[in-house]
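Heads up, the thing below is written out as structure tokens.
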Amino acid sequence: MRGQFDLYISTLVIDEVSAGDPQAAAHRLSAIQGIAILAIPDQAVDIADALLIAKALPEKAREDALHIGIAATQGVDYLLTWNFKHINNAYKKAQVVEVVERFAFICPTLCSPEQLGAIT
């Protein structure tokens, strides 16, 4: 499936995969080698703040809200995640979409890699 899509990550992802056990981090960093890196525009931060204010995501999930803001402002079609607690939360998706659309952006489809496989 990786060859079917243009892949993007943000510096947040780089920070996340760099953490923890050095050998595991090196393996994760090699897996993302060559993937284009998205900028974090001010509007992404504004969307993240709005998601937290609307309680679409809890305050402790600020970085998760920023992932959504980055993807929305950069025109990403799908935001892949295994984070079912905050990002790919069926209960909160409609609220997330509503907040993103208030900023005149299209919310990316929030799904796991397995769910994307079912979509395509």
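The values are calculated or read from the model by the stated rules, or taken from the named source; none is laboratory data. Just so it is clear, the structure is predicted and the values come from calculations on it, not from any experiment. Neighbour counts run over all protein chains shown; Cβ positions are idealised from the backbone, glycine included. In case anyone asks, the SASA skips ligands and DNA or RNA and just uses the protein heavy atoms, side chains included. Shrake-Rupley method; radii C 1.70, N 1.55, O 1.52, S 1.80 Å.
Brief remarks follow.
- Filter pass, Asn83 being among the polar types (S, T, N, Q), in contact with a Ser or Thr (Cβ under 6 Å, 6 or more places away or on another chain), under 20 Å from Glu16 (Cα atoms) and open to solvent by less than 50 Å² (accessible area, probe 1.4 Å): no
- Scanning segment 78-120 for residues that are at pLDDT below 95 and of a type in the set (Asp, Glu) gives a single hit, Glu114.
- Which numbered condition Glu59 misses (of (1) surrounded by 15 or more Cβ atoms within 10 Å (Cβ to Cβ); (2) at pLDDT 95 or above; (3) of a type in the set (Asp, Glu)): (1)
- Taken over segment 31-55, residues that are under 14 Å from the mean Cα position of the chain (by Cα) and open to solvent by 80 Å² or more (accessible area, probe 1.4 Å) amount to 1.
- Count of segment 89-120 residues, restricted to those that are within 14 Å of the chain's Cα centre (by Cα) and outside any helix (DSSP H, G or I), is 8.
- In summary, helices (runs of 4 or more DSSP H) completely within segment 3-86 and bearing 2 or more residues that are closer than 24 Å to Phe103 by Cβ occur at 11-18, 42-53, 62-73.
- Qualifying residue in segment 8-30 (condition: in contact with a strand residue (DSSP E or B) (Cβ under 8 Å, 6 or more places away or on another chain) and open to solvent by 60 Å² or more (accessible area, probe 1.4 Å)): yes
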